[in-house]
Amino acid sequence: MLKKRPITILLLCILIIVILYFRKDIVYITKSPEYFRDFMKSYGKYAIILYLILSLIRSLFLLPAGVFAIASGITFGAFWGSILTCVGVTLSGILAFEISRCFGSDYLIKLFGDKIKPIEEKLKGKGALYIATLRMIPIFPFDAISYVSGLSNVKLSSFIFGTFIGSLPGAFVYTYLGSNLINIHSKKFILSLCLVIIVSLIPLIYKYVLKRG
């Protein structure tokens with residue numbers, strides 16, 4: 001099956017090389033956004049490329065996308081941080097999507113257990129707009145959506161478009177917070193913190209509305 005999916009072979013080769021090269025650094029940079037920023041800046045003009053490569057492998061370790069977004073904001077600023085975060089989560093989503101198509105449901109069950117069943121049901125016959133909605137309203141784990149999408153009939157192009165567009169609002173909120181971490185007493189930081197709280201409450205509000213009918 002791997003022979004039929006050259007994208008997967010390429011991504012997995014990149015993954016192996018990156019993990020072997022950065023095996024010690026990966027643990028270090030996930031301790032805090034500041035560590036992440038200092039690590040990125042140490043690579044100068046190659047920082048953006050490095051960020052995208054690390055974002056690519058993020059889904060394999062199930063590291064929180066929000067942490068990467070905050071780190072992107074503190075490193076690259078709100079605007080470019082948002083763009084890079086969306087590109088990064090899309091790349092990590094493609095990797096998860098391709099892996100699930102190669103290794104099937106048994107691999108996903110080991111990762112997520114029964115959590116994949118409701119996502120599978122909701123993805124049947126859905127396209128880019130539905131993927132985007134799931135990204136904007138994070139009622140399911142971000143990476144779980146990517147992995148389960150690989151088992152559905154969703155086209156890769158639709159998945160990529162939906163993931164990128166749907167990730168934009170959340171990416172901006174978290175990168176905006178990251179860009180203001182250096183001055184926690186500013187009005188911008190308070191605003192960014194309020195936005196993060198609002199975004200965090202959306203899934204709870206959505207589930208409450210569903211229960212109320």
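Could you look through segment 57-90, keep only residues that are polar (S, T, N, Q) and either under 17 Å from residue 149 (Cβ atoms) or not in a helix (DSSP H, G or I) (or both), and pick out the one that is modelled with the lowest pLDDT?
Checked segment 57-90; the qualifying residue modelled with the lowest pLDDT is 59.
Kindly establish whether residue 202 is more than 21 Å from residue 88 (Cα to Cα), assigned to a helix (DSSP H, G or I) and in contact (Cβ under 8 Å) with a residue 24 or more places away in the chain. First the steps, then the outcome.
Details: more than 21 Å from residue 88 (Cα to Cα): yes; assigned to a helix (DSSP H, G or I): yes; in contact (Cβ under 8 Å) with a residue 24 or more places away in the chain: yes.
Yes.
Criterion first (touching a Lys or Arg at 6+ places or on another chain (Cβ under 8 Å), under 15 Å from residue 130 (Cβ atoms) and among the small types (Gly, Ala, Ser)) does residue 157 satisfy it?
No; evaluated as a whole, the condition is false for this residue.
How many residues does segment 15-54 contain that are modelled with pLDDT of 70 or more and either in contact with a Cys (Cβ under 7 Å, 6 or more places away or on another chain) or more than 18 Å from residue 75 (Cβ to Cβ) (or both)?
So the answer is 1.
Does any residue of segment 176-193 turn out to be touching a helix residue (DSSP H, G or I) at 6+ places or on another chain (Cβ under 6 Å), under 30 Å from residue 100 (Cα atoms) and assigned to a helix (DSSP H, G or I)?
No, segment 176-193 contains no residue that is touching a helix residue (DSSP H, G or I) at 6+ places or on another chain (Cβ under 6 Å), under 30 Å from residue 100 (Cα atoms) and assigned to a helix (DSSP H, G or I).
Do we find a residue being farther than 16 Å from residue 67 by Cβ, out of contact with any Pro (no Cβ under 7 Å at 6 or more places or on another chain) and touching a residue at least 24 places away in the same chain (Cβ under 8 Å) anywhere in segment 183-197?
Looking for residues that are farther than 16 Å from residue 67 by Cβ, out of contact with any Pro (no Cβ under 7 Å at 6 or more places or on another chain) and touching a residue at least 24 places away in the same chain (Cβ under 8 Å), one finds none in segment 183-197, hence no.
Conditions (1) at pLDDT below 85; (2) among the hydroxyl-bearing types (Ser, Thr, Tyr); (3) under 20 Å from residue 55 (Cβ atoms), marked per residue:
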site	(1), (2), (3)
143	yes, no, yes
156	no, no, yes
163	no, yes, yes
168	no, no, yes
176	no, yes, yes
179	no, yes, yes
192	no, yes, no
204	yes, no, no
209	yes, no, no
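Check segment 118-129 and report whether any residue there is modelled with pLDDT of 75 or more and surrounded by 16 or more Cβ atoms within 10 Å (Cβ to Cβ).
Looking for residues that are modelled with pLDDT of 75 or more and surrounded by 16 or more Cβ atoms within 10 Å (Cβ to Cβ), one finds at least one in segment 118-129, hence yes.
Among what's in segment 135-151 and is surrounded by fewer than 21 Cβ atoms within 10 Å (Cβ to Cβ) and not hydrophobic (A, V, I, L, M, F, W, C), pick the residue that is farthest from residue 198 (Cα to Cα).
Taking the candidates together, the pick is 141.
The values are calculated or read from the model by the stated rules, or taken from the named source; none is laboratory data. Being a predicted model, the structure only gives us computed values, none of them experimental. Cβ coordinates were reconstructed from backbone atoms using ideal geometry, including for glycine residues, and neighbour counts include every protein chain displayed.
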